[in-house]
Amino acid sequence: MKATVAHICRYPVKGLSADPLRRVLLRPSEGIPGDRRYAIVRGGTLAVSLPGVRLTENQFVTLANTPRLALLTTRWIDGASTLTIERDGRQVAWADLSTVVGRARISDFFSAFLHDPGQPDAGLIDLGDELSGLAGGTLLTVVSESSLTDLERVAAHSLDARRFRPNLILAGLPAWVELSMIGREIIVGKGLRLRFVQPAECRPSANVDPAQGLVDLNLVRSLQRGFGHSYFGVLAQVVTGGVLEVGSKVSAPVSSVT
């Protein structure tokens, strides 16, 4: 297997744009630190965002139900816990999300940006370490550049990998081989081991053009028509911790679950 790590992404705020990483330390049975730490919810949900309360997917403002989110570009400053939001190349908001005042400032921005008569105001909440990563829990979403190219052929449309909200993009794998590796492990770089635990369902957010903020495709239909399934990518668990780094080599599967 001559595969490498092409891109690493995390999503500090669920539904907003990716924070590209060059290097990150992963721990066993944990996701990327800070991935989906924050989320946008409608005002009525704020009252139930209490410790021990598990929010459901339909309570969040996401690309699937609010494609306009794709019009925003966010940047994350790790050491300062600061989120900046840009639209059309111009900064429109920023705040330190580790503070109540900062989260309130971003909530005010989204209440204005997503204003919809008849809908409650939107607000940003801190999900906390124990609730972050709702999209995949402690799992990483892994996609293959080759599979993306093949899906482009079937969909007759150029596709941006951002549609699939991946944490890890691999280059050099044969198309769709990742789906045949469920239950098997790979080694990334110097000892990081990942187990592919289940295929990833193609989600409605993938139908949103990340450049235009509009639904322009039905990729589940394309997958079913072209390949007989609705999967794109796999969910992976960290088995042995280590450094995940762009450019690292990916070794062939080394074990399987029996």
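The values are calculated or read from the model by the stated rules, or taken from the named source; none is laboratory data. Please read all numbers here as calculations on a predicted model, not as lab measurements. Ideal geometry is used to build each Cβ from the backbone, glycine not excepted, and the neighbour counts take in all protein chains shown. Protein only, heavy atoms only, side chains kept; ligands, DNA and RNA dropped before computing areas. Shrake-Rupley method; radii C 1.70, N 1.55, O 1.52, S 1.80 Å.
Taking strands (runs of 3 or more DSSP E) that do not extend beyond region 102-212, which have at least 3 residues that are open to solvent by 50 Å² or more (accessible area, probe 1.4 Å) and closer than 23 Å to Y11 by Cα? Qualifying strands (runs of 3 or more DSSP E): 192-201. Per the listing T149, T99, T138, the residue uniquely under 17 Å from S29 (Cα atoms) and among the polar types (S, T, N, Q) is T138.
Out of the residues in region 62-80 that are open to solvent by less than 30 Å² (accessible area, probe 1.4 Å) and polar (S, T, N, Q), which is nearest to K14 (Cα to Cα)? Once the filter is applied, the top-ranked residue is T62. Restricting L168, L159 to those that are within 21 Å of S205 (Cβ to Cβ), at pLDDT 95 or above and out of contact with any Asp or Glu (no Cβ under 9 Å at 6 or more places or on another chain) reduces the list to L168. Would you confirm whether or not region 215-237 contains a residue that is in a helix (DSSP H, G or I), within 14 Å of S144 (Cβ to Cβ), in contact (Cβ under 8 Å) with a residue 40 or more places away in the chain and open to solvent by 20 Å² or more (accessible area, probe 1.4 Å)? Yes, because at least one residue in region 215-237 is in a helix (DSSP H, G or I), within 14 Å of S144 (Cβ to Cβ), in contact (Cβ under 8 Å) with a residue 40 or more places away in the chain and open to solvent by 20 Å² or more (accessible area, probe 1.4 Å).
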